[in-house]
1. Considering each residue of the stretch 321-357, count those that are surrounded by fewer than 21 Cβ atoms within 10 Å (Cβ to Cβ), under 28 Å from the mean Cα position of the chain (by Cα) and among the β-branched types (Val, Ile, Thr), and give that number.
2. Looking only at residues that are surrounded by fewer than 18 Cβ atoms within 10 Å (Cβ to Cβ) and in contact with a strand residue (DSSP E or B) (Cβ under 8 Å, 6 or more places away or on another chain) in the stretch 395-423, which one is farthest from Ile451 (Cα to Cα)?
3. Of all residues in the stretch 588-617, how many are closer than 17 Å to Arg532 by Cα and either in a helix (DSSP H, G or I) or out of contact with any Leu (no Cβ under 6 Å at 6 or more places or on another chain) (or both)?
4. Quick one: Arg486 ticks every box in (1) surrounded by fewer than 22 Cβ atoms within 10 Å (Cβ to Cβ); (2) part of a loop (DSSP other than H, G, I, E, B) except a single one, so which number is it?
5. Here's a check for you: in the stretch 147-184, which residue that is free of Cβ contacts under 8 Å to residues at least 12 places away in the same chain and basic (Lys, Arg) is farthest from Arg56 (Cα to Cα)?
6. Of (1) under 27 Å from Arg83 (Cα atoms); (2) in contact with a helix residue (DSSP H, G or I) (Cβ under 7 Å, 6 or more places away or on another chain), Arg243 satisfies all except one. Which?
7. It is to be established whether one or more residues within the stretch 274-292 are over 24 Å from Val510 (Cα atoms), charged (D, E, K, R) and in contact (Cβ under 8 Å) with a residue 12 or more places away in the chain.
Amino acid sequence: MFHPIFLALRSCAPLLLAALLALAGACSRTGASSVPPAAASPARRVQQHVARELARLHHHVQHQLLPLARRGTAPDSLRRSFRVARLLYKRVEPFTEYYMPGTARLLNGPPIGEVEVAENKDFEPGGLQVLETLLYPRYDSTSRAELVREVKAVQREISNARTRWQVQELSDAHVFDVLRLQVFRVVALGITGFDTPLSPAATFPETAAALAALQPVLACYEPARGAADSVRAAYATAGRQLRRAEQYAHRHPDFADFDRLAFIRDYANPLGQALLACQVQLGIRPFEEVRALRPDAATLFDSAAFNPDFYAPTTQHYRTEARVALGRQLFHDPVLSGSGGRSCASCHQPDKAFTDGLTKNITLTPGGLVQRNTPTILNAALQAGQFYDLRSATLENQAADVVGNPNEMHGSLEAAARRLQLRPAYVRQFRQAFPGSEVGAEPTAITPVQIQTALAAYERTLVRLNSRFDQHIRGQREALSREEIRGFNVFMGAGKCGTCHFAPLFNGTVPPGFTEAESEVLGIEAAPKARRLDADQGRYAQVQLPQLRRSFKIPTVRNVALTAPYMHNGAYRTLEQVIEFYNEGGGQGRGLPVPNQTLPPDKLHLSAADQRALKAFLLALTDTAAVR
């Protein structure tokens with residue numbers, strides 16, 4: 001059922017994991033005892049603590065990992081040293097990710113190149129995950145020169161981070177933001193094996209280390225003896241919840257058996273809530289900043305954790321009640337179309353989770369079909385990119401694209417604006433929605449931008465995050481069955497679904513920043529088991545880079561019970577077909593020529609019971625409450 005390297009690591013788990021866990025504990029004790037004297041401010045003590053941890057990581061890479069790489073003759077020692085380096089990196093990860101995201105990517109980013117669409121360039125990956133590919137599942141001594149080069153690159157990036165950190169200023173509010181975001185990073189990425197795709201046995205030792213790293217940081221904010229009882233109680237609760245979460249990861253190091261849902265529900269979520277409560281009791285107000293994940297979100301699964309307006313182009317495009325009402329009416333009105341009489345709702349039908357139930361819809365040209373399957377727009381407001389090929393960054397641009405597409409609505413926003421101008425009721429609505437658009441006593445003409453803004457405002461109300469799964473993880477345990485709980489653990493574990501469809505949105509918008517949209521090359525077939533690839537080139541048609549050939553946006557799997565057929569081409573009509581495709585390793589796993597496939601081609605070997613449970617969980621993600 002599992003990758004051979006997992007079985008190999010599991011066989012030596014008693015010694016290897018004991019050593020790694022011992023190191024994590026030692027690091028925690030060392031970090032806590034090395035906190036600077038209380039004379040310095042808490043934020044200053046945190047800054048100095050992280051500086052020492054960076055120095056410790058740099059020393060290990062320079063004096064242990066690099067010499068072993070140069071010799072290249074002791075693979076077991078080399079792997080152990082690499083695992084130590086990863087554990088030490090977890091001590092600084094919360095701060096490098098927060099303050100130096102570019103450096104963090106070069107230290108621990110995915111082992112695939114980064115594409116810069118604006119420049120039509122790609123950049124080589126680097127960091128610990130690249131080193132993992134050279135050491136696992138087996139070490140080839142002929143790659144020693146490459147290994148040494150990559151270790152030196154890691155050393156160089158750590159050195160750069162140390163230099164930058166010397167002048168980094170911290171605020172108390174941002175330190176607590178760092179603490180909670182690291183908990184969210186563990187939940188959304190860490191427990192899925194996102195950082196350890198080839199060495200899953202290291203996943204939960206690293207999870208424990210990532211949580212242990214927060215203890216000495218929190219210790220910098222220990223209240224003085226004379227502090228109010230409520231302050232001291234909140235601080236004690238946060239420390240206790242942190243230890244509980246860390247200990248759970250220590251006690252359950254097995255990748256296959258780890259109960260991820262229990263961990264999130266009973267440990268990670270209470271920890272996030274306790275950290276926020278501690279911050280408030282200390283008198284440290286969460287900072288005010290518009291971002292996708294609200295700065296005062298206690299957990300990733302709070303009902304109002306996300307702010308859809310973050311993805312609007314400017315503050316002038318934010319939602320208002322009048323704009324939403326106008327956008328809803330425009331969405332259902334064929335006035336935006338050309339001669340075809342088609343509205344947005346013709347294809348995005350509310351009773352089908354805003355899809356149409358078709359493989360591909362017909363074009364306004366008789367006898368034709370649109371290029372791709374109609375995606376849901378439920379929760380589309382919480383994506384950093386629109387369309388399967390990510391060609392639009394905003395819902396506003398997406399609306400203009402669809403209205404102007406001759407195969408879809410065969411119209412133009414300019415022509416629609418002129419038609420709307422002739423309807424007094426619409427003129428009044430536009431004046432209410434855009435009151436600043438009047439000149440003197442007379443309103444200016446309705447504009448295409450206003451139409452785009454209104455449609456996007458309505459779509460940003462179509463956020464639905466209250467499925468039975470959400471209810472369960474917020475404490476209503478009866479909301480999910482045992483099989484559905486098992487399915488979530490398959491999704492986030494052996495099925496590897498959660499390494500691309502990131503919780504809690506279960507799309508490709510990368511947590512915990514939620515500012516980047518991921519795409520994948522899966523090797524989708526023209527039809528189930530057709531043994532030939534679909535001809536659609538995906539993102540490559542927009543950005544001519546070889547690695548983007550047949551690359552498509554990772555959509556949400558929320559509401560999949562209502563959004564069949566699946567994939568960009570609607571090739572698979574059932575969830576069973578989709579699960580089977582992934583279980584066999586995608587197109588490459590089925591023997592198709594997909595040299596740039598980003599989905600691992602290894603078979604997952606999910607049992608029939610696992611597959612049934614996975615489907616049950618996916619069906620539990622349905623939430624279309626009050627959609628219209």
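The values are calculated or read from the model by the stated rules, or taken from the named source; none is laboratory data. Since the model is a prediction, treat every value here as computed from it, not as a measurement. Don't worry about glycine lacking a Cβ; one is built from the backbone with ideal geometry, like all the others, and counts go over all protein chains shown.
1. The qualifying residues number 1.
2. Asp401
3. 10
4. Tallying (1) surrounded by fewer than 22 Cβ atoms within 10 Å (Cβ to Cβ); (2) part of a loop (DSSP other than H, G, I, E, B), Arg486 fails exactly one: (2).
5. From the stretch 147-184, those free of Cβ contacts under 8 Å to residues at least 12 places away in the same chain are 149, 156, 163, 167; that's our starting set.
Retained after the next criterion (residues that are basic (Lys, Arg)): 149, 156.
Values: Arg149: 21, Arg156: 14 Å.
Out of the qualifying residues, it is Arg149.
6. So Arg243 meets the others, but not (2).
7. Taking the stretch 274-292 first, the residues over 24 Å from Val510 (Cα atoms) are 274, 277-285.
Pick out the ones that are also charged (D, E, K, R) and you get 285.
Right, trim to in contact (Cβ under 8 Å) with a residue 12 or more places away in the chain and you get 285.
Yes - at least one qualifying residue is present in the stretch 274-292.
Quick grid of which residues meet (1) on the phi > 0 side of the Ramachandran plot; (2) in a loop (DSSP other than H, G, I, E, B):
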position	(1), (2)
Leu330	no, no
Gly341	yes, yes
Asp351	no, no
Gly357	yes, yes
Thr374	no, yes
